[in-house]
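Encoded as structure tokens, the structure appears first; notes follow it.
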Amino acid sequence: MGNKEVERKFLVLNDEFKKESFKNERIVQGFLSSVPERTVRVRIIGEKGFITIKGIGNGSGTTRFEWEKEIEVSEAESLLAICEPGSIEKTRYFVRSGVHIIEVDEFGSENQGLTIAEIELSDEDETYLKPKWLGTEVTGQAKYYNSSLVKKPFNQW
């Protein structure tokens, strides 16, 4: 059974988050479907594989349906081979901020130079601590979605 995901996205101003990070992991991902109504993502995170289905977001872009299942890395590799053209490569850093953990994605390859932070909340109005390195909010801006970055990478903007 899936659930609703509430998250806000921000651009990152500098590399200060790396000093505050308690963990990082390499992520490679592709999309079997990148249409907004039903994105189907395949990921390899470290030594684990995942398939994720996301529905379309609400008006503000903060909330949407999400279902995820862990799969064998070999299965993920096979699925990545049949994904839509393009892939996303990034390093995800985890930073504690009050009671929350902020995930900061530093993109590589064709999206080199783009760094985006995400914070998951229990509801849209929940308050959170905002580190100094957190910049402009880009929640709901489709060009920052991974499913968009795979089609029109940051180096083509």
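The values are calculated or read from the model by the stated rules, or taken from the named source; none is laboratory data. In this text the structure is predicted, and so the values were computed from the model without any measurement. Cβ atoms come from the backbone with ideal geometry, glycine included; neighbour counts cover every protein chain shown. The accessibility values were calculated without ligands, DNA or RNA, using every heavy atom of the protein model including side chains. Shrake-Rupley method; radii C 1.70, N 1.55, O 1.52, S 1.80 Å.
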Open item on the list: Under 8 Å between Cβ atoms, which residue pairs at least 6 apart in sequence (or on different chains) link something in segment 126-143 that is under 16 Å from Thr115 (Cα atoms) and assigned to a strand (DSSP E or B) with a partner that is of a type in the set (Phe, Trp, Tyr) and open to solvent by less than 50 Å² (accessible area, probe 1.4 Å)?
Closed with: Leu134/Phe10; Gly135/Phe10; Thr136/Phe10; Glu137/Phe10
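From the list Ser147, Ser87, which one is in contact (Cβ under 8 Å) with a residue 60 or more places away in the chain, in contact with a Ser or Thr (Cβ under 6 Å, 6 or more places away or on another chain) and hydroxyl-bearing (Ser, Thr, Tyr)?
Working: Ser87 fails: in contact with a Ser or Thr (Cβ under 6 Å, 6 or more places away or on another chain).
Unique residue meeting the criteria: Ser147.
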Open item on the list: I'm trying to understand the selection: among the residues of segment 59-89, which are more than 19 Å from Val6 (Cβ to Cβ) and open to solvent by 80 Å² or more (accessible area, probe 1.4 Å)?
Closed with: Lys69, Glu70, Glu72, Glu75, Glu77, Ala81, Ile82, Pro85
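Kindly indicate the residue of segment 90-120 that is aliphatic (A, V, I, L, M) and either outside any strand (DSSP E or B) or out of contact with any strand residue (DSSP E or B) (no Cβ under 8 Å at 6 or more places or on another chain) (or both) and also surrounded by the fewest Cβ atoms within 10 Å (Cβ to Cβ) among those meeting that condition.
Going through segment 90-120, the residues aliphatic (A, V, I, L, M) turn out to be 95, 99, 101-102, 104, 114, 116-117, 119.
Now drop any that are not either outside any strand (DSSP E or B) or out of contact with any strand residue (DSSP E or B) (no Cβ under 8 Å at 6 or more places or on another chain) (or both), which leaves 99, 114.
Details: Val99: 10, Leu114: 19.
For segment 90-120, the residue satisfying everything is Val99.
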Open item on the list: Val6 - would you say it is open to solvent by less than 50 Å² (accessible area, probe 1.4 Å), in contact with a Gly (Cβ under 9 Å, 6 or more places away or on another chain) and in contact (Cβ under 8 Å) with a residue 40 or more places away in the chain?
Closed with: no
Open item on the list: Let me spell it out: the conditions are (1) assigned to a strand (DSSP E or B); (2) over 14 Å from the mean Cα position of the chain (by Cα); (3) at pLDDT below 95; (4) under 23 Å from Gly135 (Cβ atoms), and Phe65 meets all of them except one. Which number is the exception?
Closed with: (4)
TODO: Identify the single condition in (1) more than 23 Å from Tyr128 (Cα to Cα); (2) touching a residue at least 40 places away in the same chain (Cβ under 8 Å); (3) not aromatic (Phe, Trp, Tyr) that Val12 does not satisfy, given that it satisfies every other one.
DONE: (1)
TODO: Write out, first by first residue and then by second, each pair whose Cβ atoms fall under 9 Å of each other, whose residues are 6+ apart or on separate chains, and whose first residue, in segment 16-39, is outside any strand (DSSP E or B) while the second is open to solvent by 80 Å² or more (accessible area, probe 1.4 Å) and acidic (Asp, Glu).
DONE: none
Open item on the list: Go through segment 34-58 and report how many residues are in contact with a strand residue (DSSP E or B) (Cβ under 6 Å, 6 or more places away or on another chain), under 22 Å from Glu89 (Cβ atoms) and surrounded by 14 or more Cβ atoms within 10 Å (Cβ to Cβ).
Closed with: 13
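Residues are listed down the side, and each one gets a yes or a no for (1) modelled with pLDDT under 95; (2) over 20 Å from Ile45 (Cα atoms); (3) basic (Lys, Arg):
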site	(1), (2), (3)
Val73	no, no, no
Gln112	no, no, no
Ile119	no, no, no
Glu124	yes, yes, no
Gly135	no, yes, no
Ala142	yes, yes, no
- [ ] With the condition kept exactly as written, say whether any residue in segment 93-112 is among the hydrophobic types (A, V, I, L, M, F, W, C), touching a Ser or Thr at 6+ places or on another chain (Cβ under 6 Å) and farther than 27 Å from Trp133 by Cβ.
- [x] no
